[in-house]
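**Q** Sharing a structure here in structure tokens format.
The values are calculated or read from the model by the stated rules, or taken from the named source; none is laboratory data. Being a predicted model, the structure only gives us computed values, none of them experimental. Don't worry about glycine lacking a Cβ; one is built from the backbone with ideal geometry, like all the others, and counts go over all protein chains shown. These area figures cover heavy atoms from the full protein model, side chains too; ligands, DNA and RNA do not enter into them. Shrake-Rupley method; radii C 1.70, N 1.55, O 1.52, S 1.80 Å.
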Amino acid sequence: MKSQHDKKKTARILAIYDQIIRGEIVNKQKWAEEQKVTDKTIQRHLQEIEAYLQELYPESEVAYDRKRQGHRLYREGSMALSDHDIFAVAKVLLDARAFSENEMEEILDHLLRLSYNRKAIEVAIGNERQFYQPVKHGQDLIERIWFFSQSVQKQQVLDVQYQKQDGTVKAYKINPLGLMFNEYYFYVIAEINGKENPVSLVFRLDRFINYAFCEGDQRFTIDYGNRFKEGEFREQIQFMYTGELTTIRFRFFGPSLEAVLDRLPTAKVEKNEDGVTTLSARVYGEGVKKWLLSQGDWVEVLSPPSYRKEMVAMIERMRGKYGEEK
């Protein structure tokens, strides 16, 4: 029969194990103080837990995390996500609204199977999951995402039929360069095959009616130095409109400069006087106009002059829609 001391020890080890396995931080000193034992006792418990976990998952390790000031579980393979990770990923996926209901249910089920505390996560995301509203196109995208991703990597020319915003369908032969996600939708960045001076075009993934490898398994080649760089493209493009790459200057009068710098990663502050910030940013001009207009009187475009003139014309057209005040 176990002694009272042994029962306390077992309960303590199980409690620490539960905390570790859920991806939480174990503060050795705090545990020692609460349990009225030494730091060395807690250290031995951590070593015993690590030895047990390594029998199940050889790549796992219970080690000190300097940043979070405590011991945590490091693990690889199928058990690499902690409950914290799973919850965070689930929240992002639900807020993105990019996948159909069936695909979202499947993804969440796969994530939750990796969790040690599935019930807690299910409760935490339950309301959002129940009332999940995907975007209106209703397309399943996961297999399509993989197809285009592989086409990009293998530089395979594709024959596609694409439904444009006005509903018309057009056939293209494209060189897929990259795959990106931006505000609810996935996009394929591509060039028209065979063009002497190709320009990068943006296609919304869900609008491809048909897509297939070109007959004869045609490939395209791009020098490594000229390859499409998703990171640089994302910094410069807004709302997935391309247009001409240009440098704009503008004044910002609003309360949150941080929001501007987050929205325009290439933006640089030139000066800040009396609460008014002057910035410059290298962007694809057509898309960023939408964002600039959304800022109302917090923004004044300074240059280039042609860009400022276009903004003034757009504002006048907007004003005209409201007519004279009654």
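**Q** Can you list residues from other chains, or at least 5 along the same chain, whose modelled amide H is less than 5 Å from the amide H of residue 177?
**A** Residues meeting the amide H criterion: 189, 190, 191.
**Q** Taking H as built 1.01 Å from N, whose amide H comes closer than 5 Å to the amide H of residue 65, not counting residues under 5 places away?
**A** 70, 71, 72
**Q** Taking the Cα centre as origin and putting +1 on Lys and Arg beta-carbons and -1 on Asp and Glu beta-carbons, what dipole magnitude results for segment 67-210, to the nearest 20 debye?
**A** Working: 19 positive and 19 negative charges, 72 e Å.
Using Cβ point charges on Lys, Arg, Asp and Glu, segment 67-210 gives about 340 debye.
**Q** What shape does segment 92-169 take by its C-alpha gyration tensor, where a ≥ b ≥ c are the square roots of the eigenvalues and a/c under 1.5 counts as rounded, a/b above b/c as prolate, and the rest as oblate?
**A** Details: a/c = 4.16, a/b = 1.76, b/c = 2.36.
It is oblate, given that a/c is not under 1.5 and a/b is not larger than b/c.
**Q** Let me ask something else. Report, in debye and to the nearest 20, how large the dipole of the chain comes out about its Cα centre when Lys and Arg carry +1 and Asp and Glu carry -1 on their Cβ. Numbers along the way, then the final one.
**A** Working: 49 positive and 50 negative charges, 130 e Å.
With Lys and Arg at +1 and Asp and Glu at -1, about 620 debye.
**Q** Let me check against my output: what whole-number percent is the relative contact order of segment 264-312, with C-alpha pairs under 8 Å and at least 6 apart? Write down the numbers at each step before the final one.
**A** Numbers: 30 pairs, mean separation 10.6, N = 49.
That works out to 22 percent.
**Q** Using a cut-off of 10 Å between beta-carbons, work out the net charge of the residues near residue 141 (Lys and Arg +1, Asp and Glu -1, residue 141 not included).
**A** Result for the neighbourhood of residue 141: -3.
**Q** If we count every other residue with Cβ under 12 angstrom of residue 313's Cβ, Lys/Arg +1 and Asp/Glu -1, where does the sum land? It would help to have the intermediate numbers written out before the result.
**A** Values: positive: 289, 308, 309, 317, 319; negative: 310, 316.
With Lys, Arg at +1 and Asp, Glu at -1, the net is +3.
**Q** Run the helix sum for the chain: -39,500 (n - 2.57) per DSSP H stretch of 4+ residues, divided by residue count, reported at 222 nm to the nearest 500 deg cm²/dmol. The partial results should precede the final answer.
**A** Details: 11 runs with 137 residues, N = 326.
Result for the chain, helices only: -13000 deg cm²/dmol.
**Q** If you don't mind, there's one more thing I want to ask. Over segment 1-104, what relative contact order in percent results from Cα pairs under 8 Å that are six or more residues apart? Mind dumping the intermediate values first?
**A** Numbers: 80 pairs, mean separation 24.7, N = 104.
Across segment 1-104, relative contact order equals 24 percent.
**Q** Please calculate the 1.4 Å probe accessible area of residue 145, with all protein chains present, and give it to the nearest 10 Å².
**A** 30
**Q** So, one more: Can you tally the lysine pairs in segment 1-135 where the Cα-Cα distance is under 18 Å and the two residues are eight or more apart, or on different chains?
**A** For segment 1-135, the number of qualifying lysine pairs is 15.
**Q** Could you pull out the pairs from 289/309; 136/164; 164/195 whose alpha carbons sit more than 19 Å apart here? Provide the component values of the computation, followed by the final result.
**A** On the way: 289/309 12 Å; 136/164 16 Å; 164/195 21 Å.
Among 289/309; 136/164; 164/195, the Cα-Cα distance tops 19 Å for 164/195.
**Q** As I understand it, the dipole of segment 5-161 uses +1 on the Cβ of Lys and Arg and -1 on the Cβ of Asp and Glu, about the Cα centre. Which of 112, 138, 35 lies farthest toward its positive end?
**A** After comparing all options, I get 35.
**Q** Could you give the dipole magnitude of segment 27-66 about its Cα centre, charging the beta-carbon of Lys and Arg +1 and that of Asp and Glu -1, in debye to the nearest 20? Show your work: numbers first, answer last.
**A** Values: 6 positive and 9 negative charges, 58 e Å.
The dipole magnitude comes to about 280 debye.
**Q** Please list, in chain and number order, the residues 5+ apart from residue 141 or on another chain whose amide H is under 5 Å from its amide H, with Hs placed from the backbone.
**A** 100
**Q** Applying 1/(1 + (r/R0)^6) with R0 = 41 Å to the Cβ-Cβ distance of residue 183 and residue 39, what FRET efficiency is obtained, to the nearest 0.05?
**A** Values: r = 50 Å, r/R0 = 1.21.
After rounding, the FRET efficiency stands at 0.25.
**Q** Could you compute the net charge surrounding residue 49? Neighbours are other residues with a C-beta less than 12 Å from the C-beta of residue 49; K and R count +1, D and E count -1.
**A** Working: positive: 12, 44, 72; negative: 18, 48, 50, 55, 61.
Net local charge, residue 49 excluded: -2.
**Q** Still on this structure, please answer the following. What does the extension gain come out to for residue 123 and residue 171, with contour length at 0.36 nm per residue minus their alpha carbon separation? Spell out each step's value before the answer.
**A** Details: separation 48, 0.36 × 48 = 17.28 nm, distance 4.66 nm.
So the extension gain works out to 12.6 nm.
**Q** Can you find, among 60, 190, 147, the residue sitting farthest towards the positive end of the charge dipole of the chain, where Lys and Arg contribute +1 and Asp and Glu -1 at Cβ?
**A** Towards the positive end, the residue furthest out is 60.
**Q** I would also like to ask the following. Check cross-link reach from residue 170 to the aspartates and glutamates: straight Cα distance under 20 Å, and skip same-chain residues fewer than eight apart.
**A** Correct list for residue 170: 159, 191, 206, 215.
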